[in-house]
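The structure appears below as structure tokens.
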Amino acid sequence: LPPHTAAPHIYSSSRATMAAMDVEAPACVGVPEMAAMPHVARRVNFKLFQQAEVGAAVRVGGRFSAGSDRVLTTTDGGSLEVSAMGEALTPEIAGGAFVEVVGTKAG
């Protein structure tokens, strides 16, 4: 380095101080069914969901509407009825937590 240039500072993660945190894992519903899907689900919003073919494997993010455990309000404001859920929703999910629904588009 030329004499008028300061040497760069390099920070190593081994020198960094890390704080311990308690992290709760999100609730998962329907994991065995998702694992059995023959195709990897494509991430879509409501608009892309509408364009997807019937039978397409999709994943949609959103929140379940208050008072309904089957209507998903998507991140872009659409509403989808979710069918064929074998398990009841956890209170956290039913209470408006952000979720990602994975499944196959039906008619």
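Place a point 7 Å from the Cα of residue 90 along the Cα-to-Cβ direction; which residues of the range 27-41 have their backbone N under 18 Å from it?
Residues 27-35 qualify, since their backbone N sits under 18 Å from the label point.
Checking the a/c ratio against 1.5 first, then a/b against b/c, what shape does the Cα gyration tensor give for the range 62-107?
Values: a/c = 1.71, a/b = 1.14, b/c = 1.50.
It is oblate, given that a/c is not under 1.5 and a/b is not larger than b/c.
Take 34, 85 and sort them by solvent-accessible surface of the protein heavy atoms, 1.4 Å probe, largest at the top. Walk me through the numbers before you get to the answer.
Details: 34 85, 85 45 Å².
Order by accessible area, largest first: 34, 85.
The values are calculated or read from the model by the stated rules, or taken from the named source; none is laboratory data. In this text, all values refer to a predicted model and were calculated from it rather than measured experimentally. Using ideal geometry, Cβ is built from the backbone for each residue, glycine included, and neighbour counts are taken over all protein chains shown. Note: areas computed on protein heavy atoms with side chains; ligands, DNA, RNA excluded. Shrake-Rupley method; radii C 1.70, N 1.55, O 1.52, S 1.80 Å.
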